Amino acid sequence: MAKLLIQNFDAVHFEPLIPITLNNLLMMNAQFILSEVPKLSDKGLNMYIRLWLKNRSSKLEYLKLDFYRLLHVPNENQQIRILNENLIFKGVDYIERSRNSRRLFEFSFDFDPSSYSQWKVINGGFDIKRQDGTMCTVLINSNYSSFEMFVWP
């Protein structure tokens, strides 16, 4: 699997039977990454954000990690995953946006017409800015145990 992940792809969608670790995620250079069974702790998410802050060559435009699906995977006896914002953003400078703050994010391509549109309304979130000026917004949905990262053009 390592050889596959080191490749440059426009989009990668990992189905529930393919768990993704932090190391797998770090080897990918894709614009659009969706994982339905991520194996990342809050500390792992923190490390991913910190490494994104240092990596100016990242092609990433959108990342979604859907922890909710772990409840439906055989042999994964887990409770609903509560993402801890304090651990995820530990040591990271960010600005928390109000839920009333609405922005429109435009994807550069339509990865999956059945479930994504080319646009997404972002309510609130956590804005993080790299030294090169590139900004991303992280959305954490506690109801569905999901982590989304949008990198603004």
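The values are calculated or read from the model by the stated rules, or taken from the named source; none is laboratory data. Everything numeric in this text was worked out from a predicted model, so none of it was measured. Here the Cβ is made from the backbone with ideal geometry for all residues, glycine too, and neighbour counts use every protein chain on show.
Miscellaneous remarks
- Residues (of a type in the set (Val, Ile, Thr) and surrounded by fewer than 14 Cβ atoms within 10 Å (Cβ to Cβ)) located in region 119-134: Val121
- All positions within region 34-44 that are within 14 Å of Asp66 (Cα to Cα) and in a helix (DSSP H, G or I): Asp42
- Of all residues in region 48-64 being among the charged types (D, E, K, R) and exposed (fewer than 12 other Cβ atoms within 10 Å of the Cβ), the one that is modelled with the highest pLDDT: Lys54
- Of the criteria (1) among the β-branched types (Val, Ile, Thr); (2) at pLDDT below 95; (3) in a strand (DSSP E or B); (4) surrounded by 11 or more Cβ atoms within 10 Å (Cβ to Cβ), which one Thr137 fails: (2)
- Subset of region 138-152 [within 10 Å of the chain's Cα centre (by Cα) and among the small types (Gly, Ala, Ser)]: Ser146
Residue-wise test of (1) outside any helix (DSSP H, G or I); (2) among the charged types (D, E, K, R); (3) under 23 Å from Gln131 (Cβ atoms); (4) in contact with a Cys (Cβ under 6 Å, 6 or more places away or on another chain).
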site: His13; (1), (2), (3), (4): yes, no, no, no
site: Leu17; (1), (2), (3), (4): yes, no, no, no
site: Leu25; (1), (2), (3), (4): no, no, yes, no
site: Phe32; (1), (2), (3), (4): yes, no, no, no
site: Asn46; (1), (2), (3), (4): no, no, yes, no
site: Arg50; (1), (2), (3), (4): no, yes, yes, no
site: Arg56; (1), (2), (3), (4): yes, yes, yes, no
site: Leu60; (1), (2), (3), (4): yes, no, yes, no
site: Leu63; (1), (2), (3), (4): yes, no, yes, no
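- Residue that is nearest to the chain's Cα centre (by Cα), among those in region 65-86 that are in a loop (DSSP other than H, G, I, E, B) and at pLDDT 80 or above: Leu83
- Residue within region 2-20 that is touching a Lys or Arg at 6+ places or on another chain (Cβ under 9 Å), surrounded by 12 or more Cβ atoms within 10 Å (Cβ to Cβ) and modelled with pLDDT of 85 or more present: yes
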